[in-house]
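These notes concern the structure reproduced below.
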Amino acid sequence: MGEVLSQNEIDDLLNALNTGELDVDEYRSNASEKQIKEYDFARPSRFAKEHLRTLEIIFEHYARLISTTLPAYLRTTTQVDVINSEAISYSEFANALSNPILLGVVDFSPLKGSFVVDLSVNIGYAIIDRLLGGKGEPLDKKRDFSEIEVLLIEKILVICLQHFREPWKNVVELEPRLKKIETNSQFAQVISPTDVIALITLNVKIGAVEGLMNFCIPYLCLEPIMDKLNTKYWFSTIQKTNVDLYKEVIEHQIDTVNIPIKAVLGKSSISINEFVNLQKGDIIKLADKVDSEMDVYVGNIKKFTGKPGIFNNNNAVKVTSIIREEE
């Protein structure tokens, strides 16, 4: 936007026109000359708004996928949203890093080069706490990650990268592979500092803990497919509706969830004194009869009845009836 003139400057300009100090013809000839546009070689503008918008669409799809995947492993609610996308030099991103960090270097095969995934330290601590049976609370004081903790984070990143193929398949068939995880910012220079990157920022919420997940993709990696990074090409290649796609993903996740099943042989009540004095060979009388059916629980819900038996030399329960919800 051009500079806005004040009222005094407008009056001076009109006076100069009236007195002949300003030559209108000369001004017009100068204005018609080709204007020189400044170009910053340190920050070349290689990503158009259309490219960044298409990347946002891809990562919005990706965010929804991992939002439905991570709860199966972390056993708590997980929400992932895209909050920003911009084109910057890698040095600007790397200079903002502080120790400790969680920086995953990912091979972008079949495209050349690698991209990096920066995971918030708070989210890293919460993931480790959940995987080890905790409540998913971050540490009060930041510290370096142990080798075992890095391996746990690596497991989750590999799972997240497995879902990276689906959002990109309309553009290119990717085979991403996690090469390593860096925890020290001194070793974060995995991309040339002057390279232009597309920085896509996701907000990750695990339980009550929030943090950022940054994807840094160099322009040189995306250059062979830049013509496909536009919304027109994107929507023209979509084969399935989002409803069908997410239904398929959710069904797959439900199929792989492990649920506990227990069969109750019978119940009885004894005193604490009797319990303390139990010896090998003692008999506890159950309230149920020998020929009565057992209750089979799925989680804490009574779902079946059955009878005990042997199958392939293993103790087993034969389901005899299904308890419907309305019953």
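Assorted remarks:
- Under the condition of being at pLDDT 85 or above, among the aliphatic types (A, V, I, L, M), assigned to a loop (DSSP other than H, G, I, E, B) and closer than 30 Å to Pro71 by Cα, the residues counted in the range 257-287 number 0.
- Where Glu251 falls short, out of the listed (1) over 28 Å from the mean Cα position of the chain (by Cα); (2) modelled with pLDDT of 75 or more: (1)
Yes/no per residue for (1) at pLDDT below 90; (2) part of a loop (DSSP other than H, G, I, E, B); (3) within 29 Å of Gly207 (Cα to Cα):
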site	(1), (2), (3)
Ile36	yes, yes, no
Phe41	yes, yes, no
Ser45	yes, yes, no
Ile58	yes, no, yes
Arg64	no, no, yes
Ile88	yes, no, no
Ser98	yes, yes, yes
Lys112	yes, yes, no
Arg143	yes, yes, yes
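- Some residue of the range 167-175 being among the charged types (D, E, K, R), exposed (fewer than 11 other Cβ atoms within 10 Å of the Cβ) and modelled with pLDDT of 85 or more: yes
- Scanning the range 88-115 for residues that are touching a Pro at 6+ places or on another chain (Cβ under 9 Å) and of a type in the set (A, V, I, L, M, F, W, C) yields Ala94, Val106, Phe108, Leu111, Phe115.
- Test: residue in the range 193-209 that is over 26 Å from Arg53 (Cα atoms) and surrounded by fewer than 16 Cβ atoms within 10 Å (Cβ to Cβ): yes
Quick grid of which residues meet (1) under 16 Å from the mean Cα position of the chain (by Cα); (2) over 25 Å from Thr78 (Cα atoms); (3) surrounded by fewer than 13 Cβ atoms within 10 Å (Cβ to Cβ):
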residue: Val117; (1), (2), (3): yes, no, no
residue: Ser120; (1), (2), (3): yes, no, no
residue: Ile127; (1), (2), (3): yes, no, no
residue: Glu137; (1), (2), (3): no, no, no
residue: Arg143; (1), (2), (3): no, no, yes
residue: Leu151; (1), (2), (3): no, no, yes
residue: Cys160; (1), (2), (3): yes, no, no
residue: Gln186; (1), (2), (3): no, yes, yes
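- Each residue in the range 303-315 was checked for being surrounded by fewer than 13 Cβ atoms within 10 Å (Cβ to Cβ) and closer than 18 Å to Asp288 by Cα, and 1 pass.
- Scan of the range 305-325 for residues that are farther than 14 Å from Leu265 by Cβ, more than 44 Å from the chain's Cα centre (by Cα) and either basic (Lys, Arg) or part of a strand (DSSP E or B) (or both), ordered by number: Ile310
- Subset of the range 104-137 [closer than 16 Å to Ala208 by Cβ and touching a Ser or Thr at 6+ places or on another chain (Cβ under 7 Å)]: Arg130, Gly136
The values are calculated or read from the model by the stated rules, or taken from the named source; none is laboratory data. It should be emphasised that the depicted structure is a prediction, and the values quoted were computed from it without experimental measurement. Cβ sites come from the backbone with ideal geometry, for glycine too, and all protein chains shown count toward neighbours.
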